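Novice: Handing you a structure now.
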Amino acid sequence: MFAPAFSAFLFRTGLAVGLFALGLAPAPAAAGGVTEPPAAAKPAKPKAAKPASRRALQRKEKPAPPAPLAAATPEQLEAAERVFYGLHQCEFAQSVDVAISPEQPGYVNVKFGKAVYVMRPVLSSTGAIRLEDVTGETLMVQITAKSMLLNVKSASRLVDECVSVKHHEAMEAASLSEAAASAAAVSAAAAASAAAPHGASAPAAAQ
């Protein structure tokens, strides 16, 4: 028969083995009696900043309001009266609309496509009308026969051969004036010939 101390040892050993098999007993310590510390928790990833909304970007990129236009000079007002206003039919089935600016007297709004240019009329020494963009981007030149729109910055032509009703009227008036001047010249020559003495041409004929 086993001694009481040995029986107690077997009882404790059997109980420990049973608990370990059921997963209730702690795992045995690592060699050397040192236990590994628990793994450190991984730091949380910082949340990415949300991109700014389209409305916020539009508010930030909103352009500054244009500077107020200077009052037109008397020369500018006179040039504005000579501008060919109205719809211009241009090459390649394009069009340009020239209208009086409702915001400031003496200025002109030129619409080409979706763009609208505010322009200052200037009368050149040749009689042509120059419509100068207040932003320095474009230039429109109007002569009796046609108008053309230029891009000043790129030194290129935006559209040409633009003709309005005013152009047709000016061309017709110029044609009538030319015809009247020609008829007047013929009449003056005939009158001068009739007023000359009949014998004045005889010596010249003899020679």
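Novice: Residue pairs, Cβ under 7 Å, 6 or more apart or interchain, first in the range 157-170 and within 17 Å of GLY113 (Cβ to Cβ), second among the acidic types (Asp, Glu). List them.
Specialist: Pairs that qualify, where the first residue is within 17 Å of GLY113 (Cβ to Cβ) and the partner is among the acidic types (Asp, Glu), are VAL159/GLU91; ASP160/GLU91; GLU161/GLU91.
Novice: All but one of (1) more than 18 Å from LEU87 (Cα to Cα); (2) outside any loop (DSSP other than H, G, I, E, B) hold for VAL98, so report the exception by its number.
Specialist: Condition (1) is where VAL98 drops out.
Novice: Quick one: which of GLU132, GLU75 is modelled with pLDDT of 95 or more and in a helix (DSSP H, G or I)?
Specialist: From the options GLU132, GLU75, the qualifying one is GLU75.
Novice: Which of (1) in contact with a strand residue (DSSP E or B) (Cβ under 8 Å, 6 or more places away or on another chain); (2) closer than 30 Å to ALA72 by Cβ; (3) at pLDDT 95 or above does LYS166 not meet, given it meets every other one?
Specialist: All conditions are met except number (3).
Novice: Give just the number: which of (1) closer than 18 Å to LEU87 by Cα; (2) among the polar types (S, T, N, Q); (3) within 22 Å of the chain's Cα centre (by Cα); (4) not in a strand (DSSP E or B) does SER154 not satisfy?
Specialist: So the condition that SER154 fails would be (1).
The values are calculated or read from the model by the stated rules, or taken from the named source; none is laboratory data. Only a predicted model underlies this, so the values are computations on that prediction, with no experimental measurement involved. Positions of Cβ are generated from backbone atoms using ideal geometry, with glycine treated the same way; all protein chains shown enter the neighbour counts.
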